[in-house]
Ligand code: ADP
């Protein structure tokens with residue numbers, strides 16, 4: 001789809017030298033298009049909560065003689081504001097991940113500790129949803145360590161556990177397993193939830209893509225969680241994959257290399273979809 005320019009320049013000083021110039025504009029154009037799409041999507045996504053807040057403020061003003069209604073509208077304004085704050089925070093996080101030097105000083109990260117922190121952070125959310133989160137450290141004494149950014153790794157795991165909770169029913173289980181095998185550290189997050197239709201699997205890592213937008217909205221989702229996970233993994237030289245079957249549940253696996261990354265690979269910009 002991109003343009004490939006091929007230039008041939010014959011060196012007038014020598015008959016046997018030919019310089020071939022290849023100019024592939026497709027990559028830079030794709031990056032530019034992706035940026036433009038992002039701005040369009042962000043403005044669209046911001047309009048919903050901002051519009052909601054405007055309407056609520058008007059409704060509150062109209063109902064000023066009815067303290068109960070004012071109280072109700074105030075509560076809805078608070079939750080809409082929290083949603084907006086989370087959306088802005090995740091947009092900023094994703095934008096940061098897209099710039100080149102996010103991981104310019106990788107440090108040794110204990111992935112077991114990141115997983116414990118992420119699970120602890122979501123303990124009350126899991127309890128409220130009546131979902132049991134079970135963490136297993138299965139590295140058999142080997143250190144589950146990688147080079148990178150501890151906060152980012154914790155964020156990636158937290159996003160996966162949070163989705164596993166949000167897209168599962170009460171009384172189910174989420175298991176989180178950390179495995180280390182010399183070259184790689186894997187974190188596997190498995191749920192017994194609704195699952196994802198096969199045709200949607202390759203789209204869920206796109207920014208703002210939701211299989212069921214109404215459900216995502218009800219659980220406070222922004223549609224950015226998996227895009228953030230994907231970028232964090234890529235910036236650490238790793239990857240995230242998914243297995244899912246509708247009605248059976250989903251398994252998301254993060255694989256990160258344990259070796260210290262070569263700095264050029266880590267700082268290379270990642271092109272989002
Ligand atoms: P959201 O904020 O909507 O959860 P994400 O980027 O985290 O956004 O996920 C994108 C979509 O992928 C979700 O809206 C949901 O439809 C689907 N999804 C993600 N994780 C799961 C899961 N564990 N089970 C079922 N569906 C999931």
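Residues 190, 230, ranked from the fewest to the most other C-beta atoms within 10 Å, line up as 190, 230. Within segment 78-132, all pairs of alpha-carbon atoms sorted by distance into 10 Å bins from zero give the percentages 18, 25, 42, 14, 0.
Over all pairs of different C-alpha atoms in segment 115-167, the reciprocal of the mean inverse distance, the Kirkwood hydrodynamic radius, equals 12.1 Å. Give me the distance in nm between label points sitting 7 Å out from Cα along the Cα-to-Cβ direction at residue 70 and residue 172, one decimal. The modelled label-to-label distance comes out at 4.3 nm. Rounded to two decimals, the Cα radius of gyration of segment 26-168 over 2.2 N^0.38 Å is 1.42. When 73, 252 are sorted by how many other C-beta atoms sit within 10 angstrom of their C-beta, beginning with the fewest, the order is 73, 252.
Rule-based calculations on the coordinates, nothing more; no lab input. On a predicted model such as this, the values are computed, not experimentally measured, just so you know. Positions of Cβ are backbone-derived with ideal geometry, glycine not excepted, and every protein chain shown enters the neighbour counts.
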